[in-house]
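A short worksheet on the structure shown next.
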Amino acid sequence: MTTPNASTFIASKFVARSKYEQVFADRDALSEQLIEAIKALAECVERRDSAEGMLKKLKFQREENGIWTNSEL
């Protein structure tokens, strides 16, 4: 026996499932964006460390105020 509201019930379940799937799709997209941002940040840290290593080889040192100066001068 079907009720007049059976189609409404089925439609509401379909809409609820679609919203549920969209939430997971949004979560997955955000996860990908976060992973890419973390990778980019890691690359920046590597470049910074490399640049600081080169400055130290050239006898530069960082002062307390954050400015690099040549220690041989």
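The values are calculated or read from the model by the stated rules, or taken from the named source; none is laboratory data. Keep in mind that this is a model prediction, so the values were computed, not measured. Areas reflect the complete protein model, heavy atoms only, side chains present, ligands, DNA and RNA absent. Shrake-Rupley method; radii C 1.70, N 1.55, O 1.52, S 1.80 Å.
Expressed as an acute angle from 0 to 90° and rounded to the nearest 10, what is the orientation of the C-alpha long axis of helix 6-57 relative to the principal long axis of the chain?
Helix 6-57 sits roughly 10 degrees off the main axis of the chain.
At 1.4 Å probe size, with every protein chain present, just tell me what the per residue accessible area of region 13-73 comes to in Å².
92 Å²
Tell me the carbon and sulfur percent of the accessible area for the chain, rounded to whole percent, probe radius 1.4 Å. Walk me through the numbers before you get to the answer.
Working: 4160 of 6790 Å².
Carbon and sulfur together cover 61 percent of it.
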